[in-house]
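A short worksheet on the structure shown next.
Read-outs: derived from the displayed coordinates by stated rules, not from any lab. Note that the structure is predicted; figures quoted are calculated from it, not measured. Cβ atoms come from the backbone with ideal geometry, glycine included; neighbour counts cover every protein chain shown.
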Amino acid sequence: MTSAFLRRFIPDLTPIGPRERIRSALGALIGVLGTGLISHAAVGDSASVPVLIAPMGASAVLLFAATASPLAQPWSILGGNLIAALVGVTAARLVPDPYLAAGIAIGVAIALMTAFKCLHPPSGAVALTAVLGGPAIAHLGYGFVVWPVLANSAVLLGAALVFNNLTGRPYPHPHAQKTAPAEGPRSARDALTASDIDAAIENFGQLLDVERGDLEAILQDAQLRSYARRSGLTVCKDIMSRDVIAIAPQAPMKEALELLRRHHIKALPVTDETRKVLGIVTQTDLLDKAVWGALGPRLGFRTRVRLTMTHIRAPHGAVEDIMTTSVLTVGPETPVADAVVAMAQTGLHHLPVVDELGRLAGLVSQTDVVSALLADGSKAMAMAA
């Protein structure tokens, strides 16, 4: 019982690999060092003006080690530190007792930061510094807001923007998009909705250090993986369409349109003479990458110029000018469960099935995998009964 109680004091952090530990540590080192050097260059050796304030160290932990946290985003550090500095200086001037002033400064700062959606924990230290920072800080008055608080924050933020993106961590953290397939099975699609998540967060009643979009994406991905895990041992060759209509890269776009319409399909694998998959062309490609006229789809002027500059050849309105070349494919023995996850993560509706030589063997559609999962689910329920 005692050990269980003590374990509550240790946070259950998500696993972090050695590479990420080194990356975040190096980023904080570079960020704080760069902020200090730039700030020193700006003010020189003047003892009356602080070059670097301690709260920047706490901000560096968030900006480089927790880049996905809502508390680490650009508006959080800039808005949070600005509000905390303004509140701290005001409290120091209006409240004679320094300890009462410190408490008021931090309390009011938290209330305003949450109201303006810029909560940043190190900003509490900024407010405290404004009150208890000593004669040098007091002498600066509201100048403390601009220097060193706003200046330090802006330089550290600039370092985080550059370093994080160069090392593969998108920053600011992008808002997560829904990853569930648009035509997923109703039992998986409707079991958990955005309104359910909102209601659960509201009922939880506490601040979560994760964006709502990220939380939704994690839950949806876990739900899809759970559903896919229950799909049994069905593989792609068991459900794929074998009589696949393909098209050559040199075929006119109009021919692709006619094939899609005639066979009531939404995607055409693009293959060479050996049936090796070179790309895929879909209805979306024809709609988004072509200009439509009385004679059907054709390339627009801007598209022709772009293709000429990137491909070093004159485009001629063929399928190869609009096809998607980075094609995600699966093998005949790929489990349907893996196909489900791949479609969910990429938003694709069709996956070409290729053999070991990359030749087209079939095509798996979102409808195929949904039907297979539902069939496996029905079998499992029947066996359980």
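Each residue of the stretch 158-167 is assigned a 3J(HN,Hα), and the resulting list reads x, 5, 5, 4, 6, 5, 4, 5, 5, 9 Hz, derived from the Karplus form 6.51 cos²θ - 1.76 cosθ + 1.60 (θ = phi - 60°), x at Gly and Pro. In order along the stretch 134-139, the phi-based Karplus estimate (6.51 cos²θ - 1.76 cosθ + 1.60, θ = phi - 60°) of 3J(HN,Hα) comes to x, x, 4, 5, 4, 5 Hz; Gly and Pro are listed as x. For the stretch 14-31, backbone phi angles converted through the Karplus equation (6.51, -1.76, 1.60; θ = phi - 60°) give residue-by-residue couplings of 5, x, 10, x, x, 4, 5, 4, 5, 4, 5, 5, 5, x, 5, 4, 5, x Hz, Gly and Pro being listed as x. The peptide list 75-82, 135-142, put in order of mean Cβ contacts within 10 Å with the highest first, becomes 75-82, 135-142. Close amide H contacts of G362 (hydrogens built in the peptide plane, cut-off under 5 Å, sequence separation of 5 or more or a different chain): V353.
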